[in-house]
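Novice: Below is one structure. I have some questions about it.
The numbers here are math on the coordinates, done by the rules we state, and not lab data. Please read these numbers as outputs of a predicted model, since none were measured by experiment. We place every Cβ from the backbone using ideal geometry, glycine too, and count neighbours over all the protein chains shown.
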């Protein structure tokens, strides 16, 4: 058991009896009591603060024996205490039990308090087994004593039972005193809190700041930590702090942050690694020191140019995963060594994966919004991969747009340019006369027949599918990791045989297809040859039929190409190049990546056509270009290459925007980082990075520079209190709320005398440290004072006066 340099969790047991309890209660102790036995048991169970609280008496002899051999480093701290029977006139039962734990840990005061109690009982003429005092008598008896009042509140001798006909009085009394409740079942806590809250104004309610503790109530030191004389082993409660009376005070003021049950402590998410310490030795600027860090919240404070930010920079220099720290100081950190929990000894640099680290330099938060670069925020929130995926959607969107444009250009090119587009289709009168003649001719529409029976596309697709299946089957079979059985290998072989069989079937169909085509082609040749043997007028009719077929093909091709051009231009102009992608980056906060389309593609594209009409479609305007009624601006021709150069130039800004989309944050109320102040955005940013589940180490230099006081007091401190038990946090700050309400486990104070920089380590439960913290932080004294005033005491006093 050693003294901690930071506030740490410790077992506390303030309810242990000695054999002197038998002097005031019949058969109240089992076995022989021994101070040495109790000390050994306490150390075996890692108890660091305790009290010997006998019934209505203080065993000053046991206190003397313990204090005579007390080692403040190795031994648990013993606070003077007693368990009193407190009488309630008219109560049923008339008395309840309460611990009184005094701010004393020495022989003189133990004997003085013993004498005061004994004198009071003698004055009242009360026998040893009938000792009781009223709360009023206790207050008068110890008017200047600093003590905690810890009544039983859940079993026999409960304060609530004695005051069951007047609970209001009991509740107000407990609120007005330095107190906690002992022996309260967990299921009753919320009901008790509701009872307290009704005496408080709204702003003081539902604070979870009423303290509930469980101690062993041990009556048999030889069997410690048993409860009572021979009960089951006690499940310890943990208080956070150091070995001092002030630890109790802060725990009872802020139980949510400083008191845990055995179950809560066991479920605490401990760090598998953390920065354990930093040692500076032999440096010309920095004083020799060794600083031990808390696994939870470490704050660095100091005056202007004191070296507090230098310490943060030093830590950044000593961790290989930090790549963003700013070393702006003319100090060589070679004389500083660091040690993480995983390091066997001090290292020049410790190794921590960069994805586990969030490191924010001073004023860096607000700059992210000013530079409009939220990639860093996405990284800090553990969302970098998702951010890049969202950006890839914009690249794909750009490719889709470009493919649509190329489709338009391809179909434009197929139409054939100005001369081809304006080519006339002529069917001569003689051809028509021949078509209408009554001559007999041979006729075969072989292309139409073949088209109706063409299976070539199906054949090609089937071949491709079978080839892919065969390749994948081979890869599948050769995968030794899958450990195929003989039966499974036979199934695979049967499947491959099936593929081979189907491949033969497709080859057979392909051969039949080829033969059909050859047969039709040969038949067509025979028809042509036979028509040559007919009369002149019959031959003219045969030629006219061929011309008519070609005429229909040419017209059909023209309309088909124009239809394809219309289809692709419609797809292009209907394409919405605006795009918005969102990702949840923190609770109720989304990171939005977006581009907006101020102009339609119709407007953009037609800006390149002289005489372009935006009320008409791109297709109609391109027909105007092809017909010669319109031209491409700045060019003398209408070739596809000219149209490509022009359209690419027109879409350059759209492509550029898609390459660099805008990003911003969208908040729960619908507002965005674009329309909020830098301070408001910084608040949201800090919330995001502190809640990043992948980050195990957080370093922030003076976050309050860009934050509002209300946010710090109401939001930031609550976030810190939550996340500091999940990750190690380092903050440089000059804001007392962060230190005090954030309940920092470790306070490092930087000093600069002009020639040397030094660092001191403190805990806020140390009264002398509180004074120094107050002298450095503006408003620190007020914050400490306000923290100690948990309740609206003035209202309670006024209510008591009215009653």
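Novice: Along its principal axes, what span do the Cα atoms of region 442-533 show, with the longest given first and each in whole Å?
Specialist: 74, 16, 15
Novice: Report, in whole Å, the centroid distance computed from the Cα atoms of region 382-445 and region 34-92.
Specialist: For region 382-445 versus region 34-92, the Cα centre distance is 96 Å.
Novice: Something else: If you take the beta carbon distance between residue 448 and residue 323 as r and set R0 to 60 Å, what does 1/(1 + (r/R0)^6) give as a FRET efficiency, to the nearest 0.05?
Specialist: 0.25
Novice: Using the Kirkwood radius over Cα pairs, work out the Stokes-Einstein diffusion coefficient for region 474-575 at 10 °C and 1.306 mPa s, in µm²/s as a whole number.
Specialist: 79
Novice: Quantify how much of the Cα-Cα distance distribution of region 61-130 extends past 16 Å, in percent.
Specialist: Looking at region 61-130, the distances longer than 16 Å represent 60 percent of pairs.
Novice: Taking neighbour Cβ counts within 10 Å as the exposure measure, how do 634, 682 sort from fewest upward?
Specialist: Lowest count first: 634, 682.
Novice: Sticking with this structure for a sec: Taking only the alpha carbons of region 513-669, what extent do you get along each of the three principal axes, in Å, biggest first?
Specialist: Largest to smallest, the principal-axis extents are 89, 43, 24 Å.
Novice: Something else: Report the dimensions of the chain along its three principal axes from the alpha-carbon atoms, largest first, rounded to Å.
Specialist: Largest first, the chain extends 154, 70, 64 Å along its Cα principal axes.
Novice: Go ahead and run the numbers for FRET between residue 570 and residue 526, Cβ-Cβ distance against an R0 of 41 Å, rounding to 0.05.
Specialist: Once the sixth-power term is evaluated, E becomes 0.35.
Novice: What's the exposure ranking of 646, 243, 710, going from fewest to most Cβ atoms within 10 Å?
Specialist: 710, 646, 243
Novice: What is the gain in length, in nm to one decimal, between residue 399 and residue 432 on full extension, counting 0.36 nm per residue of separation less the C-alpha to C-alpha distance?
Specialist: 6.8 nm
Novice: Okay, moving on. Which number comes out as Rg/Rh for region 228-360 once both Rg and the Kirkwood Rh are worked out on C-alpha atoms?
Specialist: 1.07
Novice: Over region 442-533, what is the relative contact order in percent, taking alpha-carbon pairs closer than 8 angstrom and at least six residues apart?
Specialist: Answer for region 442-533 is 57 percent.
Novice: Which percent of Cα pairs goes in each bin when the distances of region 614-735 are cut into 5 angstrom slices starting at zero?
Specialist: Spelled out bin by bin, region 614-735 gives 2, 8, 13, 13, 10, 7, 5, 5, 5, 6, 6, 7, 7, 4, 1, 0 percent.
Novice: What relative contact order, as a whole-number percentage, does the chain give when Cα pairs under 8 Å and 6 or more residues apart are counted?
Specialist: 16
Novice: Taking every eigenvalue of the Cα gyration tensor of region 695-776, multiplying by 5 and rooting it, what semi-axes result, largest first, whole Å?
Specialist: 22, 14, 14
Novice: Now a separate question. Compute the projected area of the convex hull of the Cα atoms of region 1-157, averaged over all viewing directions, and report it in nm² to one decimal place.
Specialist: Quarter of the Cα hull surface area: 10.2 nm².
Novice: Right, next: Kindly state, to the nearest 0.05, the FRET efficiency for residue 419 paired with residue 537, given R0 = 41 Å and r defined as their beta-carbon distance.
Specialist: 0.70
Novice: Turning to a different aspect of this structure: Given Cα positions, please report Rg to Rh for region 685-733, the hydrodynamic radius being the Kirkwood one.
Specialist: Result for region 685-733 is an Rg/Rh of 0.93.
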